[in-house]
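Colleague: The structure's right below; bear with me while I get my questions together.
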Amino acid sequence: MAASEDVVMEVPDENIQRFTVELEFVQCLANPEYLNYLAQHNYFKEEEFVNYLKYLQYWKDPKYARFIKYPQCLQLLELLQEPKFRNELINVPCTRFIQSQQMQHWSHHFRRRANLVNNSAAKKETDGKPEIRMKEEPQS
């Protein structure tokens with residue numbers, strides 16, 4: 001085989017399905033109401049489920065994290081490693097607080113992002129062009 005040839009690896013279908021299922025589940029962790037549901041149905045008390053949450057931490061690796069659309073799920077996955085946090089999720093006020101914090105983050109994020117985009121566009125328009133200033137006439 002020549003060095004310039006591309007090597008194509010076949011990925012078994014069960015690996016693709018597992019990847020997809022785990023990706024969807026990890027992203028569901030970004031939903032505080034879903035976390036509340038899991039807490040109310042005692043999933044967080046099951047050792048197997050807690051071990052599964054530990055296993056899922058591989059999603060924080062950049063080669064996997066690039067597939068995630070809701071990055072806040074990784075922070076919540078990290079918090080789910082703590083028993084105290086898992087126990088608090090059964091309380092609706094706790095989940096509402098998490099939800100409100102997410103909403104605040106998103107609103108500020110989008111506002112900052114819009115400002116960055118607008119500032120970048122404005123800078124591109126003025127790059128390479130001399131700045132023209134009008135002289136103020138002295139007032140008598």
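The values are calculated or read from the model by the stated rules, or taken from the named source; none is laboratory data. What you see is a predicted model; the values in this text were computed from it and never measured. Neighbour counts run over all protein chains shown; Cβ positions are idealised from the backbone, glycine included. Each accessible area value is taken on the protein alone, full model and side chains, heavy atoms only, with ligands, DNA and RNA left out. Shrake-Rupley method; radii C 1.70, N 1.55, O 1.52, S 1.80 Å.
Colleague: Could you please give the count of residues in the range 16-60 that are touching a residue at least 12 places away in the same chain (Cβ under 8 Å) and either assigned to a helix (DSSP H, G or I) or open to solvent by 90 Å² or more (accessible area, probe 1.4 Å) (or both)?
Modeller: 21
Colleague: When the range 61-72 is examined, which residues are found to be open to solvent by less than 60 Å² (accessible area, probe 1.4 Å) and either of a type in the set (Val, Ile, Thr) or outside any helix (DSSP H, G or I) (or both)?
Modeller: Once the filter is applied, which keeps residues that are open to solvent by less than 60 Å² (accessible area, probe 1.4 Å) and either of a type in the set (Val, Ile, Thr) or outside any helix (DSSP H, G or I) (or both), the range 61-72 yields only Ile68.
Colleague: Find all pairs meeting these conditions: Cβ atoms under 6 angstrom apart; at least six residues apart or on different chains; first residue within the range 78-101 and part of a helix (DSSP H, G or I); second residue charged (D, E, K, R) and at pLDDT 90 or above.
Modeller: Hits for this filter: Cys94/Glu88.
Colleague: Would you confirm, using the coordinates I've provided, whether Ile68 is modelled with pLDDT under 95, under 17 Å from the mean Cα position of the chain (by Cα) and under 18 Å from Cys28 (Cβ atoms)?
Modeller: yes
Colleague: So which residues in the range 73-108 are β-branched (Val, Ile, Thr) and open to solvent by 60 Å² or more (accessible area, probe 1.4 Å), if there are any at all?
Modeller: Correct list: Ile90 only.
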